[in-house]
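The values are calculated or read from the model by the stated rules, or taken from the named source; none is laboratory data. The shown structure was predicted, so the numbers you read here are calculated from the model rather than taken from an experiment. Cβ placement follows ideal geometry from the backbone for every residue including glycine, while neighbour counts extend to all protein chains displayed. Quick note on the areas: whole protein, heavy atoms, side chains included, nothing else; ligands and nucleic acids left out. Shrake-Rupley method; radii C 1.70, N 1.55, O 1.52, S 1.80 Å.
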Amino acid sequence: EFMQASWDIEQVQAKGIQHLASFVKDRSAFPYLLTCTEVISLAMKTHIDSLDLQVEGCILLLEIFNQALEQGMMMALDENVASCLLHTVRKYSENEEFLSMFCTLLMMVSASEVAAENLRKVGIIPDLLSILRRFLHNDKICCSCCAVLWSLAVSENNADQAVLESAVPVTSAVLQNHLQNGVVAESACSALWALALQGCLSDSDYEPTAALLLDALRMNPERAVLVKNGCLALASLVRLSETAALAILLDSKGSGIELIRHEYYLHLDEPGVAEALCLLMNEMVQYDEVMLDMRSQKIEKLLSEIKLQFPFS
């Protein structure tokens, strides 16, 4: 109430945020802090020119969302709060240090389907792409923005098709630049999977994207989630085009079938990985020429082993 009574006085908002922050470590105060997210974000929007206030507000929101996620709660932020967050993104779109923290906040927010939908509605995707292009070298920003993209692209509402299509080259560039960083590559693979699911790739994208995803699998073979999402992305590409299937078979860096076999044995106890690999192979055998090649590489033996390993799946 104290903050709401004096929106226009920056010092009141700063003191209010600092006082709220003092309750963060008090577990019993958490349910009350949950009700303050709109007040905090509105204070940030009202005093958008104060970087100090943005930083303190962002840190407090991060603490609140972090606790919510730890307790298995999803924060369903309304469109008003999403609009405030977009306002901050636009104002500080060139401040790399602040964006590293703020994009982490957006990633946490977008974990909620409702909040992701509201971020999409206020039109945050072009801003995310702009940030990615500008800070392609920053692994933290790339990881967070790709995670947000994934959350927004998997939404059933496909109104942003043209905008999402423009996300393909940017996301591919993130993956290309961070192939050896497993955390970022995992996030970028997930985003590419969501974009492929939504049919955002063009004919000319299939072959290079398939090759890039194979590179990600080769560079990070031990990361089960990356392998799973990378294979699901490849399966989505193969479903759309035989070109992608042939790219997997004829990849210049080695047989995609051998890679599939290697990944399966590496993750024998991961049913999610096996399922993704089976889905990819199922899409590949829809093409006669591809199936003949897979047979010659004794893929049936591998499939029999998977069936024995997971008889009840």
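Conditions tested, residue by residue: (1) outside any helix (DSSP H, G or I); (2) over 29 Å from GLU70 (Cα atoms).
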| residue | (1), (2) |
| --- | --- |
| ASN118 | no, no |
| ILE141 | no, no |
| VAL168 | no, yes |
| SER172 | no, yes |
| ALA188 | no, no |
| LEU195 | no, no |
| CYS200 | yes, yes |
| SER204 | no, yes |
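Scanning the range 61-102 for residues that are in a loop (DSSP other than H, G, I, E, B) and over 20 Å from the mean Cα position of the chain (by Cα) returns GLN71, ASP78, TYR92, GLU94, ASN95.
Would a scan of the range 154-161 turn up a residue that is buried (at least 18 other Cβ atoms within 10 Å of the Cβ) and of a type in the set (A, V, I, L, M)? No; the residues of the range 154-161 include none that is buried (at least 18 other Cβ atoms within 10 Å of the Cβ) and of a type in the set (A, V, I, L, M).
Considering ARG261, ARG295, the condition of being in a helix (DSSP H, G or I) and without any contact (Cβ under 8 Å) to a residue 12 or more places away in the chain is satisfied by ARG295 alone.
Within the range 90-118, the only residue that satisfies the criterion of being open to solvent by less than 10 Å² (accessible area, probe 1.4 Å), farther than 22 Å from ALA21 by Cβ and not polar (S, T, N, Q) is ALA116.
For VAL39, the requirement of being modelled with pLDDT of 95 or more and open to solvent by 20 Å² or more (accessible area, probe 1.4 Å) is not met. When the residues of the range 130-175 are narrowed to those that are of a type in the set (D, E, K, R) and at pLDDT 95 or above, which ends up nearest to ASP215 (Cα to Cα)? Per the criteria, the residue is ASP139. Listed by first and then second residue, the pairs linking a residue in the range 71-96 that is touching a residue at least 12 places away in the same chain (Cβ under 8 Å) to a residue that is among the hydrophobic types (A, V, I, L, M, F, W, C) and open to solvent by 50 Å² or more (accessible area, probe 1.4 Å), with Cβ atoms under 6 Å apart and 6 or more places separating them unless they lie on different chains, are ALA76/VAL114.
ALA68 - would you say it is open to solvent by less than 30 Å² (accessible area, probe 1.4 Å), closer than 16 Å to LEU34 by Cα, in contact with a helix residue (DSSP H, G or I) (Cβ under 9 Å, 6 or more places away or on another chain) and without any contact (Cβ under 8 Å) to a residue 60 or more places away in the chain? When the stated conditions are applied, ALA68 passes them. Are any residues in the range 25-36 surrounded by 14 or more Cβ atoms within 10 Å (Cβ to Cβ) and either touching a Cys at 6+ places or on another chain (Cβ under 8 Å) or under 27 Å from LYS91 (Cα atoms) (or both), and if so, which ones? Those that are surrounded by 14 or more Cβ atoms within 10 Å (Cβ to Cβ) and either touching a Cys at 6+ places or on another chain (Cβ under 8 Å) or under 27 Å from LYS91 (Cα atoms) (or both): LEU33, LEU34, CYS36.
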